[in-house]
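Values quoted throughout were computed directly from the atomic coordinates according to the rules given, and no laboratory measurement underlies them. Fair warning: this is a prediction, and the values are worked out from it, not measured in the lab. Methodologically, a virtual Cβ is constructed for each residue, glycine included, from the backbone with ideal geometry; neighbour enumeration extends over all protein chains shown.
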Amino acid sequence: MIASILPTYSRAPLAFVKGEGSWLETADGSRYLDLGAGIAVNALGHAAPELVATLTEQAGKLWHVSNLYQIPEQQKLADLLVANTFADTVFFTNSGTEACELAVKMVRKYWYEKGAPERVEILTFAGAFHGRSSAAIAAAGSEKMVKGFGPLLEGFVHLPWDDIEAVKAAITENTAAIMIEPIQGEGGIRPASDAFLKALREICDETGALLVFDEVQCGVARTGKLFAHEWAGVTPDVMMVAKGIGGGFPLGAVLATENAASGMTAGTHGSTYGGNPLGCAIGAKVMEIVTAEGFMEEVSRKAAFLRQRLEGLVAAHPDIFTEVRGQGLMLGLKCKPAPVELVQAAYAQNLLTVPAADNVLRLLPALTISEDDMAEAVRRLDAAALALESNPA
């Protein structure tokens, strides 16, 4: 008999009833140190007091009115995003997947309105993950994502990762855009090189193609910059944002330049819940916190501390780990065993981690994690590695 919850997830036998900071608690009082943060969602930790206060205040005033009306909280968040990024305009969604859908529509509508409706092809990259909608899985193109879900949305060209010659060879007069995660998350914490991102920007400038960055997982201060592309000194034309922007509340956005968004006129897109007062009030508070003086510098300091400890862990367990990869507090441990084995071994140490492709264990802690908690997390990873060494599969 099928479960009442559609069984599309292989869930761990864990249920949490309370969270605080970087810790989660089960009904029996067991405490788990969380290095997953809801897959990079709880950027400020569980039950962050500032976000709880903001949610409570807004919930007592207004939850939802729809986009038929002006929404002051939405305007405030949009203004904060425009003031702190490359963007001129913002559309709010409920998730990263919805942001991907709009990004695809936006670049194709752009060329249609420019009088070149044949320019529909979007170049994407091996290992990509842009969500689980029909457009998003077509963009990724991997067998794991698309098997059984055809026919797929056409117009995506899949290229090798970080290979600029392949991009140059694939560009045609029908290329509408290049879409890329500056750091792949699900794909195994793989950062694109600065040189690659700069070269993509140059190619787009030369050909007129739009450059789309997916910063759903790597954005909102996770790397020590507000958005990961800032490290390379390049800007996109369109950017997908979600996860950390809501600090745990479902919220996403598409940011764009005025030029890139020029085709999206009244009636071309919509969302019933997107940009609701609850989500936008919380998103504005998240933005105020992460852009406050010293916050991102502190993220970088914590990242350096954690990375140093993880490098020591790799050196201590060469039969388990081979390298540390990533940037800021978006880190991965490349494993010799399957990462799910590390995840299970970490459960036994009351530690939560996230598996990824390319045999990588993802570490995505709250940006507010303390130094003591990072040290404790590495101690527990060490114990998990020792357990695997003692009982190899």
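Before moving on, here are some points about what is shown:
- Considering the conditions (1) closer than 23 Å to Tyr112 by Cα; (2) under 18 Å from the mean Cα position of the chain (by Cα), Ile245 is excluded by exactly one of them, (1).
- Filter pass, Ala199 being of a type in the set (A, V, I, L, M) and free of Cβ contacts under 8 Å to residues at least 60 places away in the same chain: yes
- Matching residues, the range 275-300, being in contact with a helix residue (DSSP H, G or I) (Cβ under 9 Å, 6 or more places away or on another chain) and either without any contact (Cβ under 8 Å) to a residue 24 or more places away in the chain or hydrophobic (A, V, I, L, M, F, W, C) (or both): Leu278, Cys280, Ala281, Ile282, Ala284, Val286, Met287, Ile289, Val290, Phe295, Met296, Val299
- Top-ranked residue of the range 106-154 - restricted to ones that are hydroxyl-bearing (Ser, Thr, Tyr) and in contact with a helix residue (DSSP H, G or I) (Cβ under 7 Å, 6 or more places away or on another chain), ranked as surrounded by the most Cβ atoms within 10 Å (Cβ to Cβ): Thr124
- Residue in the range 35-45 that is over 26 Å from Gln184 (Cβ atoms) and not small (Gly, Ala, Ser) present: no
- The numbered conditions (1) in contact (Cβ under 8 Å) with a residue 40 or more places away in the chain; (2) within 21 Å of Gly219 (Cβ to Cβ) are all true for Thr272 except (2).
- Scope the range 315-350; condition more than 14 Å from Arg380 (Cβ to Cβ), free of Cβ contacts under 8 Å to residues at least 60 places away in the same chain and of a type in the set (A, V, I, L, M, F, W, C); matching residues: Ala315, Val324, Cys335, Ala338, Val340
- All told, Glu258 falls short of being among the charged types (D, E, K, R) and either in a strand (DSSP E or B) or under 27 Å from Leu159 (Cα atoms) (or both).
- The strands (runs of 3 or more DSSP E) found entirely in the range 107-202 that carry 1 or more residues being within 19 Å of the chain's Cα centre (by Cα) are 121-125, 175-180.
- Residues of the range 22-59 that are among the hydroxyl-bearing types (Ser, Thr, Tyr) and surrounded by 15 or more Cβ atoms within 10 Å (Cβ to Cβ): Ser22, Tyr32, Thr54.
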